[in-house]
Every structure is written in C-alpha cells, then in structure tokens.
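Asks: Dropping a structure here in structure tokens format, bear with me for questions.
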Amino acid sequence: MKFDKKLLLLIGLVVILLLVPMMVTRPYFLHVIIMCLLWAYLASSWNIIGGFAGQLSLGHGIYTATGAYVTMMLFNTFGISPWLGLFVGGAAAVLISVLIGFPTFGLRGAYYALATVAISEGIVVIINSTHELGPFSVGGAEGLIVKMVGDSAAALQFSSKIPYYYLILFMLFLVIAVSYWIKTSKLGYCLIALKEDEDAAAAMGINVRNNKLIAAMISAFMTALGGVFYAVLIRYLEPNAIAGGSMSTQMVFLSIVGGSGTILGPVIGGILLSLISEVIRFYLGGQLMGLHLFIYGVIVLLVIMYQPRGIVALLGQIVQRFSGPKTVEGGVSGVKDSGA
Amino acid sequence: MSVVANGLSMGAIYGLIALGLTLIFGIMKIINFAQGALLMLSMMISYWLWKLTGLNPLILILIVGPIMFVVGYLCQRFLVRPVLDSEKNVREPVSVLLLTAALAIVLENLALMIFGADYVMAKTSFSEQTIALGAVTVSAARFYGLIIALVVAGVFWLFLQRTQTGRNIRATGQDRNAAALMGINVPNTFAIAFGLGTALLAVAAVALIPFYYVHPSVGQVFMTKAFIVVVLGGLGSVPGAILGGILIGLIESIGAQYMTATLTVVLVYAVFLMVLFVKPSGMFGSRYDW
C-alpha cells in the first residue's frame, strides 16, 4: 500500500517534469529551469565524492572545464561529435582526478581540499593565457566559441531550448540513479564507513585510498558531462565562468544546503537555491552590484548555522511532524502532505 | 639581484598571510577560507584610513591590527564557535570550513556594494622611491614590506614560545581536552588565536597597500598562494609558512625573468604537485601530529 503511493507520486512527478516544456513557453523561463536542473545535476555529481565519501573537493570546476574544453576543442578542430568527444573529455577529467587524489587521499581531508583549490585556480590561470595548444585553438582569456553548424542532433546544437531540457532531465535522472546505486552498493557502505572514521574503516579491511579514488573518478566523470552540457547549451566557454572558483564553490554550497550525503538533497538544494538566486538577480540585480550574491551568501551562512544537515532534513522533520505515527500505520496522509 | 629582493619581499608577505592560515588551522583544525576576504577587508580599511587621515601606512598597523583582531575575535565568537560546538565530536569540521567560505562570499560582495569594483592603491610618499643596498636597488615600499613581515613573524614566534598566552595557544593546538583539564579556557584561546590570525592579515595588508592594487576580489589571489605555501611548509608549522612563502615568492619573481607569466604559474604548481607526491606533509609538517 505504502509502496504504491510512493510509486504513484514518483510517476506523477516524472510526468509533470516531462510536460514542463509544454507549460513554459517563454524561452527565458525555460532557460532558467534548464540552468536550475544543470546546477542540481552538478551538485549531485559533486555529492558523490563530497557527500558520500566526505572528501571536500573545492575544485570541481577543473572537471567541468576539462569536459567542456576537451570536447569542444575536438569538435571545433576535427569536427568530432560531442557525443564521442564527451568520453574523451570525461576520461581526461578522470585522469586529473587520479592525479590530484592519489597523493592526497593517503593523507587526511584538509590536504585534499587545499590541493583541489590550489590546482583549480592554477588551471584557470593556464586556460586564461593559453591561446593555442598544438592544432587546437583554446582561446585564452577571450574564451572559446563553439563552432555553429545549425540544427544538428549529432553536434548537439538545437535552435529550440526544448531538446536541451530533455537532455538535462535525462542527465539528472542518470546521476540520481548512479547515486542510488552507489549508496546501496558495497562501495557506498565503504564510503560511509571511511567518512565516519577512517582508522576504523581501515581496521575493518577497507582500502581507504582506493575507495576514495573510485568515488573521485565517478564524480569527476559525471561533472565533466555537466561541463559538456554547459558547453553545448551556452556555446561559449569563458575560463572564469566554467573553471573559476564560483563554479567550484557553487556545487559545494548547493549540495550542503540541500543536504550532502543524501541522494535527493543536492537535487533539492540545486533547484531551490539557484531559483532563489535567479529571482533575486531578476528583481535586484540591476540596482546594486554584488547584492544578489551577498543575499545568497547570507542564506548559505544561516543554513550552515541553523540547519547544518540541509533542507532535506528540514523537509523530513516537517513531514514527520504532520504525519508522524500515521505514516507507520497507513502512510496515506504522510505521502499526501509531502506531495502537497 | 633586485629580482631576488622583490621575490623575497613578496614571499615574506605571502608567508605572513599563510602564517595566519596555518595558526588557525594548527589550533582549531579549521581551514579558514575567509582568510582572503579578511585580507581584502584589511586592505580596504587601511586604504581608507590612509586616504582620510593621510598617516603613513606603516603607522596604520597600530590601528588596523587591533581592529582586525577584534573582527577575527568576534567572527570566532559569534559565527565559528556555535557551529564548532555542534560538531564537537567530528575530527575534521567540514561545516565550519564551509561557513568561512560563505563568509568570504558575504564579505567580498559587501565590499563590492560599499566600495565598488574600482582598483585603488595608496600612493604614499615612498611608493615611487627606491633604496640602494650596495649594488642592489629595491623599491622602498617592497623593502619596508619585507622588514615588517620578518619582524612581525619573529615577534609572533617569540610570543608563541615565551608568553603564557602563547603557551596556552600551543597547548590547545596539541590537545584541546588536555588543555582544558589543565585549566586553560579553550573557547577563549580559540577566539584569541582567530583574532591573532586575522591581525597578521592586517599587517600584511598595510605592507601591501603602498604597492599593490586593492579591489574586492584581491583576496582570492593571495588565498590560493597562501594555500600552496601552507601545504609546502606543512600545515600548522610557523617556520614552514614563512620559508614556504619566501620560496614561492622567489620562484615567481625569478621565473618571471626567464619565461612567460603562464609558465611561471605552471612552475609554481609543478613544485606544489612534486611536494605533494614526494613529501605530502610538507617541509616542516608532521603526518601525524594533527
């Protein structure tokens, strides 16, 4: 009975999500929704290493940039379809994640966090000042413009926003599925164990470094796909936007505010927070420089201080308060409350 | 030779910034991501005090230092401590780290709203001067910066070694529970350490403004450098921070003589990665003591 209700709710939600492009006709609004889903996707990708494994990566912009740049350089120079290029870009991101993770994962968390920040800042500087790389044009600080070929599914270029919406929706489902798989697999349990207590996990026979590395590799690959999506959607790569500190910290904040280490927390945090920041920017952005980011920062501060387990925990409490014991008996009102 | 002198002075200032970072980390196990933003704040305050009063920036240390100490103390008391208390049993307090990162965003955008995005520099009487030391000619502002940084670092080291407060701070860093049992007021010591870490930034800020442009995101540049320095020198190590800073400063200024700016950056990161691979705990850090 309870399972059926949950399934019904899920199917209803999916149908609504699939119908969104029919309801939202203005391209600007659809673009805002696409960006919210992209942020939810990126926050979920970060969550695999940052939430599940508890390894604070503050340089995930490295992977969005690697995915985006490698794929688009291959496309611009050799005309290789992004569908193939994304595997090369993803592989490059995985390689970098190993390069950072291998030396630092043997140590405690802080070194990994510092190394990721330092290396991501370095990559921004390098991209900003590299104009040519062998046969490839990188564009330097002026950025890389994606070559236009008109409507083409092979090149992932569409004049309408709708295909992008379905693409990012599919990617979001994919990352949720991957998160669910990790969380319920042996890897997930190993990650929880080493997050709670590294020494105890090692004593139980868990190879701490390898498990962290696997999580970091999966996270890097998924993040690189997000970078590729960004590239085909925006069609212009600006080094500071795609690789910079704001890209990296954004992923972390969205995930933490939503509830890191949970499957749906980063999704909720990503959609909610980027919607809020977009609304603030829409209404206040023109008036005072920095105001919308200031408000954004204050919201994050307050959440960390008063709701450290994230919005997801808050929702859980609300659902429990309204339905508490009834959910155990029949589950009817509980599901209704959370859905309404 | 003047290249080396420039590298030394910039490096000593990097070291000073890294010193604040490493102090806060060594005592509280918190990486303070607001360090860069607090440096920016100190630079802004120093700049405006200089502009309004016309005092020599080097005298301003006596005003900006205490102001930033209070700012740091209050940050620890009202923002960091509540979060730290709720995470008492966690070995690496991640929420606190994010708290400081959020604080950095708030401070940077506050500065953007108040001061605007302009680049400003304090054109003091000695900004354009040079000093001849034998055959070497150095910019006066940078030379004073070097002297200030080294003197303050030395005084700070003596303070940690010789005074009761310094001993309290070091004891708390080694084992906060044992320190509490010995009658040390641990929360207060944390707040003092945070305040001192921030006051060190004020010194760096005052040394910087006569020859370095101030703008709301200036902190980010120094923050990344400070992170590299701290990893190079070893987290929590005072001599490591200063020597690491000087090493990075020298690599930058000497590298800039022989290659492009990008290659210099790449070189800095190459050294950084090499240290991570060969001796991840840095030059003076211990793998176990934190």
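The values are calculated or read from the model by the stated rules, or taken from the named source; none is laboratory data. Bear in mind that the values here come from a model prediction, so they are computed numbers and not experimental data. So basically every Cβ, Gly included, is an ideal-geometry build from the backbone, and we count neighbours across all protein chains shown.
Asks: Need the failing condition index for B:Ala101 against (1) buried (at least 16 other Cβ atoms within 10 Å of the Cβ); (2) of a type in the set (Gly, Ala, Ser); (3) without any contact (Cβ under 8 Å) to a residue 40 or more places away in the chain, just the number.
Replies: For B:Ala101, the failing item is (3).
Asks: Then there is this: Return the residue satisfying two criteria in turn: it lies in the range A:98-108 and is surrounded by fewer than 22 Cβ atoms within 10 Å (Cβ to Cβ) and without any contact (Cβ under 8 Å) to a residue 60 or more places away in the chain, and of such residues it is nearest to the chain's Cα centre (by Cα).
Replies: A:Leu99
Asks: Looking at this structure, is B:Leu107 facing chain A (nearest Cβ under 8 Å), assigned to a helix (DSSP H, G or I) and either surrounded by fewer than 24 Cβ atoms within 10 Å (Cβ to Cβ) or in contact with a helix residue (DSSP H, G or I) (Cβ under 6 Å, 6 or more places away or on another chain) (or both)?
Replies: no
Asks: Answer yes or no as to whether B:Arg81 is charged (D, E, K, R) and within 27 Å of A:Gly290 (Cα to Cα).
Replies: no
Asks: Looking only at the range A:177-201, count every residue that is farther than 15 Å from A:Gln55 by Cβ and either in contact with a strand residue (DSSP E or B) (Cβ under 7 Å, 6 or more places away or on another chain) or not hydroxyl-bearing (Ser, Thr, Tyr) (or both) and tell me the total.
Replies: Here the count works out to 7.
Asks: Going by the structure shown, is B:Pro82 surrounded by fewer than 19 Cβ atoms within 10 Å (Cβ to Cβ) and within 14 Å of another protein chain (Cβ to nearest Cβ)?
Replies: Taking the combined requirement at face value, the residue satisfies it.
Asks: May I pose another question? Can you tell me which residues in the range B:261-284 are more than 8 Å from chain A (Cβ to nearest Cβ), among the small types (Gly, Ala, Ser) and farther than 16 Å from B:Lys225 by Cβ?
Replies: none
Asks: May I ask you to verify whether A:Ser57 is small (Gly, Ala, Ser) and away from every other protein chain (no Cβ under 14 Å)?
Replies: No: the conditions fail for A:Ser57.
Asks: May I ask you to verify whether B:Gln257 is of a type in the set (S, T, N, Q), within 11 Å of chain A (Cβ to nearest Cβ), surrounded by fewer than 23 Cβ atoms within 10 Å (Cβ to Cβ) and assigned to a helix (DSSP H, G or I)?
Replies: no
Asks: Condition first: among the hydrophobic types (A, V, I, L, M, F, W, C) and within 14 Å of chain B (Cβ to nearest Cβ). Now tell me which residues in the range A:219-259 satisfy that.
Replies: A:Ala243, A:Met247, A:Met251, A:Val252, A:Phe253, A:Leu254, A:Ile256, A:Val257
Asks: Do we find a residue being at pLDDT 90 or above, touching a helix residue (DSSP H, G or I) at 6+ places or on another chain (Cβ under 6 Å), within 14 Å of another protein chain (Cβ to nearest Cβ) and within 25 Å of B:Leu112 (Cβ to Cβ) anywhere in the range B:23-34?
Replies: The answer is yes, given that some residue of the range B:23-34 is at pLDDT 90 or above, touching a helix residue (DSSP H, G or I) at 6+ places or on another chain (Cβ under 6 Å), within 14 Å of another protein chain (Cβ to nearest Cβ) and within 25 Å of B:Leu112 (Cβ to Cβ).
Asks: Still on this structure, I have one more. Out of A:Leu84, A:Leu38, which single residue is within 17 Å of A:Phe229 (Cβ to Cβ) and loosely packed, with under 15 Cβ neighbours inside 10 Å?
Replies: Just a single option satisfies the conditions, and that option is A:Leu84.
Asks: Here's something else I'd like to know. Do you know which of the residues in the range B:115-146 that are of a type in the set (Val, Ile, Thr) and in contact (Cβ under 8 Å) with a residue 24 or more places away in the chain is nearest to the other protein chains (Cβ to nearest Cβ)?
Replies: Looking at the filtered set, the residue picked out is B:Val120.
Asks: Another one. Tell me whether the range A:142-158 contains one or more residues that are assigned to a helix (DSSP H, G or I) and in contact (Cβ under 8 Å) with a residue 60 or more places away in the chain.
Replies: So far as the range A:142-158 goes, no, none of its residues is assigned to a helix (DSSP H, G or I) and in contact (Cβ under 8 Å) with a residue 60 or more places away in the chain.
Asks: If you take the residues in the range A:98-131 that are touching a Gly at 6+ places or on another chain (Cβ under 9 Å) and outside any helix (DSSP H, G or I), which one is nearest to the other protein chains (Cβ to nearest Cβ)?
Replies: Out of the qualifying residues, it is A:Thr130.
Asks: Continuing with the same structure: Answer yes if at least one residue in the range A:280-291 is among the β-branched types (Val, Ile, Thr), modelled with pLDDT under 80 and over 13 Å from the mean Cα position of the chain (by Cα), and no otherwise.
Replies: Among the residues of the range A:280-291, not one is among the β-branched types (Val, Ile, Thr), modelled with pLDDT under 80 and over 13 Å from the mean Cα position of the chain (by Cα), which makes the answer no.
Asks: Test A:Leu95 against the criterion of being surrounded by fewer than 24 Cβ atoms within 10 Å (Cβ to Cβ) and either within 30 Å of B:Val96 (Cβ to Cβ) or facing chain B (nearest Cβ under 10 Å) (or both), and give yes or no.
Replies: no
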